[in-house]
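Engineer: First the structure, then my questions, so here it is.
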Amino acid sequence: MAKKQITAEMIRESVAQENVQFLRLMFTDINGIIKNVEVPVSQLDKVLANKMTFDGSSIDGFVRIEESDMLLFPDLNTWLLFPWENDHGKIARLICSVHEPDGSPFAGDPRNNLIRIVAEMKAAGYSAFNIGPEPEFFLFKLNEKGEPSLQLNDKGSYFDFAPLDMGENCRRDIVLELEKMGFEVEASHHEVAPGQHEIDFKYADALSAADNIQTFKLVVKTIARKHGLYATFMPKPLHGINGSGMHINMSLFKDDANVFYDEQSESGLSADAMHFLAGLLLHARGLTAINNPTVNSYKRLVPGFEAPVYIAWSGTNRSPLIRVPNGKGLSKRLELRSVDPTANPYLAIAAILESGLDGIKNKLTPEQGIDRNIYRMQDAERKANHIQDLPSTLHNALKALEEDAVVRKALGEHLYQSFKDSKDLEWAAYRQSVSEWERDQYLELY
């Protein structure tokens, strides 16, 4: 069903009726960090005419200082009123794409890039790539200075509730705020680790899903602060407990038909779904730098904490990279389990889609599904089953990305180079740092 389109006139009416005083124009940089330009409502006409400028040279991965002026083109369908008010009236937001001074889409904008890949998908005959994310996060207490501490706010575990889950009220308020903003929340619960939570919201088309992930992060952090807590999407903030992932459930559609479903097949997966799955497996190593883009991401991708380490798929267990959840018809989908919430959703979804479409285009066939616990297999057994490892560090993931022409094509040359430059700097800084673990291990020993 087509979504209702929001017009400029509808936005003007909303501004008048809701006492909107400020407009937050949001966009996303190369590292997935939300940026915004806030303007008074007196600038509404200028915003709607696509004439708002900003300094692109100040944003990671955008442009050099000698070519800094960029335009913000708001997507009117992202008009949203924040449910919290300030002393000066309501604040509304529009998510924007970044454009060149001549009005052409800027190739270094992650959102523009996802729009490009979706257009390629539609040219191939598909109507939608639906994404259902499962983002996890931790809640830490704030210290007396209002800064994040390392003290978790509860001792709960999977599906616990108060008094063990002391984050329950905060999580409930996050859900209520999301619902006020139009999210359809499907589930919220405590996760495996102390202080860890998950909120799942209904699937949406690729672009809307990426927008929703960014909005979700903003709401979670805002409401946590109101509870005296700090929400972090860092994949592994503490040693010895599970890290935070963002499993991506996906399905490909032609009009109202789920391309991934075939009621005649034993698994329920169609031939195209199997080709798509094979594409994800083939490009899994190249995808990892995009889906797990921080040094810390690889502290989560280790055996023993439920995060995937091995490139395989299964319909019955959760140790492989890709799982096929139970479901029929519209709900038949693939679940990619490696992605973590530091991933730039625009880049991650674009790269995942391009990899899967490459599998369909070349009619790739996946290896047999693995229905045993891969963590308990010996190296020789994994090798016999053609099971490769995911990259174990950001450095190795960047090398795999460099060698994967399909994933690089999904980013385009500008974004690829900006992303690689940013991550090379991150790895270099990490490699030169000396940790407390190293001092504890070596200082007195040597």
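Engineer: Give the accessible surface of region 296-341 per residue, rounded to a whole number of Å², with probe radius 1.4 Å and ligands, DNA and RNA excluded.
Structural biologist: I get 35 Å² per residue for this part.
Engineer: Right, another one. Would you kindly give the portion of the calculated P(r) for region 220-271 that falls above 18 Å, as a percent of all Cα pairs?
Structural biologist: Working: 817 of 1326 pairs.
So the portion of pairs separated by more than 18 Å is 62 percent.
Engineer: On to the next question. Long-range amide H contacts for D154: which residues qualify at under 5 Å (H placed 1.01 Å from N, peptide plane, sequence gap of 5 or more or a different chain)?
Structural biologist: Long-range HN contacts for D154: G195.
Engineer: Continuing with this model, one more query. Using modelled backbone amide H atoms (1.01 Å from N, in-plane), which distant-in-sequence or interchain residues come within less than 5 Å of K35's amide H?
Structural biologist: When sequence neighbours closer than 5 places are left aside, the close amide H contacts are F27, T28, D29.
Engineer: Let me ask something additional. If you average 1/r over every pair of different alpha-carbon atoms in region 357-436 and take one over that average, what Kirkwood value in Å do you get? Could you put the intermediate results ahead of the total?
Structural biologist: Details: mean 1/r = 0.0633 Å⁻¹.
With all distinct Cα pairs of region 357-436 included, I get 15.8 Å.
Engineer: Round to a whole angstrom and tell me the spacing of the C-alpha centers of region 222-255 and region 412-439.
Structural biologist: 22 Å
Engineer: So if I place +1 on the C-beta of Lys and Arg and -1 on the C-beta of Asp and Glu, and nothing else carries charge, what would the dipole magnitude of the chain be about its Cα centre? I want it in debye, nearest 20.
Structural biologist: Approximately 380 debye in magnitude.
Engineer: Using θ = phi - 60° and the Karplus form 6.51 cos²θ - 1.76 cosθ + 1.60, what ³J(HN,Hα) does each residue of region 176-189 get, whole Hz, x for Gly and Pro?
Structural biologist: Once rounded to whole Hz, the list reads 5, 5, 4, 5, 4, 8, x, 6, 9, 7, 8, 6, 9, 6.
Engineer: So what's the chain giving for Cα Rg divided by 2.2 N^0.38 Å, two decimals?
Structural biologist: Details: Rg = 22.1 Å, N = 446, 2.2 N^0.38 = 22.3 Å.
Cα-based Rg divided by the globular estimate yields 0.99.
Engineer: Let me ask something else. Search the structure for amide H atoms under 5 Å from the amide H of M246, placed 1.01 Å from N in the peptide plane, and list their residues when 5 or more places away or on another chain.
Structural biologist: Amide H to amide H, under 5 Å and 5 or more residues apart or across chains, M246 pairs with V339, D340.
Engineer: Return the Rg/Rh ratio of region 259-396 with Cα-based radii and a Kirkwood Rh. Please report the intermediate quantities before stating the final value.
Structural biologist: Numbers: Rg = 14.5 Å, Rh = 15.3 Å.
Radius of gyration relative to Kirkwood radius: 0.95.
Engineer: Mean residue ellipticity at 222 nm from the helices of the chain, using -39,500 (n - 2.57) per DSSP H segment of n ≥ 4 over the full residue count, to the nearest 500 deg cm²/dmol?
Structural biologist: -11000 deg cm²/dmol
Engineer: I would also like to ask the following. Hand me the trypsin sites (Lys or Arg not before Pro) from region 1-58 located in a DSSP loop with no more than 16 other Cβ atoms within 10 Å, in residue order please.
Structural biologist: K3, K4, K51
Engineer: Still on this model: Ignoring any ligand, DNA or RNA, what whole percent of the accessible area of region 235-356 comes from carbon and sulfur when the probe is 1.4 angstrom?
Structural biologist: 51 percent
Engineer: Out of L287, L114, L330, any idea which swings most in a Gaussian network model of the chain, alpha carbons joined below 10 Å?
Structural biologist: Top of the fluctuation ranking is L330.
Engineer: In whole Hz and in residue order, list the ³J(HN,Hα) couplings for region 230-236 that follow from phi through the Karplus curve 6.51 cos²θ - 1.76 cosθ + 1.60, θ = phi - 60°; x for Gly and Pro.
Structural biologist: Listing the rounded values in order: 10, 9, 10, 9, 4, x, 9 Hz.
Engineer: If you plug each phi of region 89-105 into the Karplus form 6.51 cos²θ - 1.76 cosθ + 1.60 with θ = phi - 60°, what whole-Hz ³J(HN,Hα) values come out, in order, with x for Gly and Pro?
Structural biologist: x, 7, 10, 10, 10, 10, 7, 10, 9, 9, 10, 5, x, 7, x, 6, x
The values are calculated or read from the model by the stated rules, or taken from the named source; none is laboratory data. Since the model is a prediction, treat every value here as computed from it, not as a measurement. A quick note on method: Cβ atoms are made from the backbone with ideal geometry, for glycine too, and the neighbour counts reach across all protein chains shown. Note: accessible area is taken over every heavy atom of the protein model, side chains too, but ligands, DNA and RNA are not part of it. Shrake-Rupley method; radii C 1.70, N 1.55, O 1.52, S 1.80 Å.
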